[in-house]
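*Asks:* I have a structure here, written as structure tokens, and I will follow up with some questions on it.
Only the coordinates and a few stated rules stand behind these numbers; no lab work does. For clarity, every value in this text was computed on a predicted model and none was experimentally measured. We place every Cβ from the backbone using ideal geometry, glycine too, and count neighbours over all the protein chains shown.
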Amino acid sequence: AQAIARDPEATAFSGTPLFMAPELFAGGDARVPTDIYSLGVLLFFLLTGTVPVDGNTVAALKAAHAQRTRKRLRDVRADLPDAIVHVVERATAHDPAERYPTMGALEHALAAAAGRLSASAAASRLNWADLRQVARAAGWKSALLLLTMLVLGALAAAAIFRWQRPAAP
């Protein structure tokens, strides 16, 4: 989002004012920190159904940003984990210097806060090297048992297939 006119008093914007960074209301340029702020507001909205800085008009939003009047995520959703609250609050900081420096940094912080490397995610990353290591640890008896089960399963499938096939006339 960006102010259409460079005049700080302008009220015509290109973008959604509720999701615009405070510096845009003061005539600043759209940059990475303004996008990070907008994404932070979107996250805030998804978690709460409201935005951190509210106003019925662009002038009211501008005044709220100037006075640094806002809702805190913890006040609206006390049940959220501290890590998530910290990420969203930092992304929606009034001062652009306090926000994440890049989208990659924000992504990393979100992934860490969401517990990206949970047990289920780690289990889904099992690869062939891991399977070979498990097989070695299980020993040759387990491997022989698995092979026997596979052969018996294949023989059973062949017998069922042959039993279901109609006889030739």
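*Asks:* For the pair Met103 and Ala26, how long in nm is the line joining their label points, each one 7 Å along Cα→Cβ?
*Replies:* 2.5
*Asks:* Ranking request for peptides 19-28, 45-54: highest mean number of other beta-carbon atoms within 10 Å first, then the rest in descending order. Show your work: numbers first, answer last.
*Replies:* Values: 19-28: 19.9, 45-54: 15.3.
Result, highest mean Cβ count within 10 Å first: 19-28, 45-54.
*Asks:* Now, a different point. Under a crude label model (7 Å from the Cα following the beta-carbon direction), how far is Arg72 from Leu155 in nanometres?
*Replies:* Label-label distance for Arg72 and Leu155, simple model: 7.1 nm.
*Asks:* Sticking with this structure for a sec: Net charge around Thr69, counting only other residues with Cβ within less than 12 Å of its Cβ (Lys, Arg = +1; Asp, Glu = -1)?
*Replies:* That sum, taken over residues with Cβ under 12 Å, equals +4.
*Asks:* Expressed as a rounded percentage, what relative contact order does the stretch 41-108 have, with Cα pairs under 8 Å and six or more residues apart?
*Replies:* Numbers: 54 pairs, mean separation 16.9, N = 68.
25 percent.
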